[in-house]
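Quick note: the coordinates plus some simple rules give every number you see, no bench work behind them. Worth saying up front: this structure is predicted, and the values here are computed from it rather than measured. Cβ placement follows ideal geometry from the backbone for every residue including glycine, while neighbour counts extend to all protein chains displayed.
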Amino acid sequence: MQGVVNFMKPPGMSSAQAVAFIKRLSGLKAGHAGTLDPEAAGVLPILLGRATRISDYLMAGRKVYLAEIAFGQATDTQDAQGKVTVRGSRFPDAENLFSVLPRFTGAISQIPPQYSALKSDGKPAYKLAREGRHAALEPRKAEVHRIVIIREMPSHSFLLRVTCGKGTYIRTLCHDIGVALGCPAHMRLLIREESAGQKIVDSVTPEELRQAGKEALAQWIIPTDRALVYLPRMDAPVSLTHLLAGGVRVASDDPRLNGRFVPQGPFRLYAGNAFVGIFELFGGSLRARTMLYQPVEGPNRADS
């Protein structure tokens, strides 16, 4: 068993606890692709076996969040679990909120929250914060593709849907929107609806996995290459399987490729029916970035 489990992480479970849960159930090496705060819920891709090698690619994929921004209070953690640091009463309406959203879409800069796992002087920022110390965190670039106001909520809050890239702090986004509107704000709720193509509607809950047991876990495992469908695909002749799987570089104009188009950037490479791995064009040749080849047994094996 290897591949990706589209895990529905519940509130109160840390990402590390989610990985440990799947690891105990499967008995395999496991990791996750993109941390979710303990109080947040939603899609947490958990990688099993050799699929742990694709973590960086999944983390780089698009993410969609449902978030509630609450105005009137800012907190030290920038979410509802923190201590209130500032209060305000200049509550914005939907029109005010809509007017500032263009400032927070596209390429933006964020100063990560003090309560984060980023390290300062070799120590996680959240540990320094708990000790009453301030971590020197540098601004980081983030990409926010879209922010949509879903509806106004009670107690001076709004439900937002945020589509973004890797490394975007939604609670910092809520805090910064409050600063822009002159009314302190924090994130009251966060649900990750999608991560690198894995959607919450298709996710599996801890309770479903507990009831199913290890024997049924396989039905929830997405093959490694299917979890990467957002990457372009290239098919090479089956005769090149062992060369490519062995790390031998093949020129893009090699006659054996029969003029096949080579995508730009990372792409999934197949030879016959076999998924070889993630490749890229480098110096005019196909180069393996992440090798994932496993020989296929039986009459449909790649070298038949």
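For the stretch 231-291, rounded, prolate or oblate, judged on the Cα gyration tensor with a ≥ b ≥ c (square roots of eigenvalues), a/c < 1.5 rounded, else prolate if a/b > b/c?
Rounded shape, in that the Cα axes give a/c under 1.5.
For a quick check: sort I170, I69 by the number of other beta carbons within 10 angstrom, fewest at the front.
I170, I69
Could you give me the ³J(HN,Hα) list for the stretch 286-294, computed from phi with Karplus coefficients 6.51, -1.76, 1.60 and θ = phi - 60°, whole Hz, x at Gly and Pro?
Values, residue by residue: 7, 10, 6, 8, 9, 7, 10, 5, 9 Hz.
Using a Gaussian network model of the chain with C-alpha springs under 10 Å, which one of E138, E95, E280 is most mobile by mean-square fluctuation?
In the Gaussian network model the winner is E95.
Quick one: net charge of R289's neighbours, Cβ under 13 Å, K/R +1, D/E -1?
+2
Under 29 Å from the Cα of K29, which lysines turn up, not counting those fewer than eight places away in the same chain?
K29 reaches K9, K63, K119, K123, K127, K166, K199, K214.
First check a/c for the stretch 195-304, with a ≥ b ≥ c the square roots of the eigenvalues of its C-alpha gyration tensor; if it is under 1.5, answer rounded, and if not, answer prolate when a/b is larger than b/c or oblate otherwise.
Taking the square roots of the gyration eigenvalues as a ≥ b ≥ c, the stretch 195-304 is prolate.
If I model a spin label as a point 7 Å beyond the Cα along the Cα-Cβ vector, how far apart are those points for R287 and F98 in nm?
The answer from the label model is 4.9 nm.
Could you check which residue among T163, T172, T85 shows the biggest mean-square fluctuation in a GNM of the chain with a 10 Å Cα cutoff?
Result for the chain, Cα springs under 10 Å: T85 fluctuates most.
Using the Cβ atoms and a cut-off under 11 Å, what net charge is assigned to the surroundings of K9, where Lys and Arg are +1 and Asp and Glu are -1?
With Lys, Arg at +1 and Asp, Glu at -1, the neighbours total -1.
Extension gain E207-V84, at 0.36 nm per residue separation less the Cα-Cα distance, in nm?
That works out to 40.8 nm of additional length.
Explain nothing, just compute: Karplus ³J(HN,Hα) = 6.51 cos²θ - 1.76 cosθ + 1.60, θ = phi - 60°, for every residue of the stretch 46-57 in order, whole Hz, x for Gly and Pro.
10, 9, 10, x, 5, 5, 4, 5, 9, 3, 4, 5
Please list 3J(HN,Hα) in residue order for the stretch 87-101, calculated via the Karplus relation 6.51 cos²θ - 1.76 cosθ + 1.60 where θ = phi - 60°; whole Hz, with x for glycine and proline.
10, x, 10, 8, 6, x, 9, 4, 5, 4, 4, 4, 5, 9, 4
Return Y293, Y65, Y230 ranked ascending by Cβ neighbour count within 10 Å, so the fewest neighbours appear first.
Listing Y293, Y65, Y230 from fewest to most nearby Cβ atoms yields Y230, Y293, Y65.
Hey, can you grab everything whose amide H is under 5 Å from the amide H of G272? Only 5+ residues off in sequence or another chain; H modelled, so Pro and N-termini drop out.
Result for G272 returns A236, V238.
So for each of 1-8, 247-254 I average, over its residues, the number of other beta carbons within 10 Å; can you give me the resulting order with the highest mean first? Kindly include the intermediate steps, with their values, before the conclusion.
Values: 1-8: 21.9, 247-254: 14.0.
Highest to lowest by the protection proxy: 1-8, 247-254.
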